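K.L.:
Could you have a look at this structure, given as structure tokens, before my questions?
The values are calculated or read from the model by the stated rules, or taken from the named source; none is laboratory data. Here the structure is a predicted model, which is why all the values come from computation and not from measurement. Here Cβ is always computed from backbone atoms with ideal geometry, including for glycine, and neighbour counts include all displayed protein chains. Remember, those area values only see protein heavy atoms, side chains included, never the ligands or the DNA or RNA. Shrake-Rupley method; radii C 1.70, N 1.55, O 1.52, S 1.80 Å.
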Amino acid sequence: PTQLYLMGGHGGGRMRIGWVGVGVMGRHMAGHLMAAGHELSVFSRTASKCAPLVEAGARLASSPMDAAYGADAVFTMVGAPSDVEQVTLGGGGVLEALEPGSLLIDCTTSTPSLAQRVAAAAAGKGVLALDAPVSGGDVGAEAASLSIMCGGSDEAMGGSGYLLDLLGSRVLHMGRAGAG
């Protein structure tokens, strides 16, 4: 699969990134983005899980929407499809704050139908969406050697390639929304 590195003209430069879900894998993944020089706002239902990232310079967000406010891209890495729905489509979710031209990347193992609903809602706001579940566990997350299977438009894939390469050693575009 072709990987493009366009990211809305950022050219791989410093980006404002929201991160929702700082669990066993999410904390490492978010840490790799910070280590690459990106500015992060982080949210977790258990705020104490964000402490290492906040100590390293991330901003602690009060909600998923707060994490997304002003972000160029938002990642979600939560526990279950119901959590994805809540933090993306629900009241106070990231789509309430994301601006046209921004990017939403969900790394949760979810359902194709939910990924398609999220992508449609995002498109309605002019936001690019990618379902990008990962394989490799906490060891792969810590080593940035995850396999990332992506579903979404070519434009969303092109916009996310640079960031996803910071998280994994194998990034594949599997097809349209829901194919990740």
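K.L.:
Of the conditions (1) part of a helix (DSSP H, G or I); (2) free of Cβ contacts under 8 Å to residues at least 60 places away in the same chain; (3) surrounded by fewer than 20 Cβ atoms within 10 Å (Cβ to Cβ), Glu142 fails just one. Which one is it?
P.N.:
Failing condition for Glu142: (2).
K.L.:
Something else about it: Please verify whether Ala177 is at positive phi, in contact with a helix residue (DSSP H, G or I) (Cβ under 6 Å, 6 or more places away or on another chain) and open to solvent by less than 50 Å² (accessible area, probe 1.4 Å), treating the condition exactly as stated.
P.N.:
Answer is no for this residue.
K.L.:
Could you give every pair whose Cβ atoms fall below 8 Å, whose first residue belongs to region 26-50 and is without any contact (Cβ under 8 Å) to a residue 60 or more places away in the chain, and whose second residue is of a type in the set (Phe, Trp, Tyr) and surrounded by fewer than 23 Cβ atoms within 10 Å (Cβ to Cβ), counting only separations of at least 6 or pairs across chains?
P.N.:
Ser41/Tyr69
K.L.:
Identify, please: which residue in region 103-139 is β-branched (Val, Ile, Thr) and part of a helix (DSSP H, G or I) and is, among those, nearest to Arg176 (Cα to Cα)? Walk me through it before giving the result.
P.N.:
Keep residues of region 103-139 that are β-branched (Val, Ile, Thr), which gives 105, 108-109, 111, 118, 127, 134, 139.
Now drop any that are not part of a helix (DSSP H, G or I), which leaves 118, 139.
Values: Val118: 12, Val139: 28 Å.
Among residues in region 103-139 that are β-branched (Val, Ile, Thr) and part of a helix (DSSP H, G or I), the one nearest to Arg176 (Cα to Cα) is Val118.
K.L.:
Still on this structure, please answer the following. Does region 114-127 contain at least one residue that is out of contact with any helix residue (DSSP H, G or I) (no Cβ under 9 Å at 6 or more places or on another chain), open to solvent by 20 Å² or more (accessible area, probe 1.4 Å), touching a residue at least 60 places away in the same chain (Cβ under 8 Å) and of a type in the set (Gly, Ala, Ser)?
P.N.:
No: zero hits.
K.L.:
Also, I was wondering about something else. Being under 24 Å from Gly137 (Cα atoms) and either surrounded by fewer than 24 Cβ atoms within 10 Å (Cβ to Cβ) or acidic (Asp, Glu) (or both) is the filter here, so list the residues in region 56-90 that pass it.
P.N.:
Ala56, Gly79, Ala80, Pro81, Ser82, Asp83, Glu85, Gln86
K.L.:
Could you list, in sequence order, all residues of region 81-102 that are assigned to a helix (DSSP H, G or I) and in contact (Cβ under 8 Å) with a residue 24 or more places away in the chain?
P.N.:
If the condition is that a residue be assigned to a helix (DSSP H, G or I) and in contact (Cβ under 8 Å) with a residue 24 or more places away in the chain, then Pro81, Asp83, Val84, Glu85, Val87, Thr88, Val94, Leu95, Glu96 are the ones that fit.
K.L.:
Taking the stated definitions as given, is Gly90 modelled with pLDDT of 95 or more and at positive phi? Can you show your working first?
P.N.:
Details: modelled with pLDDT of 95 or more: yes; at positive phi: no.
So Gly90 does not fit the description; no.
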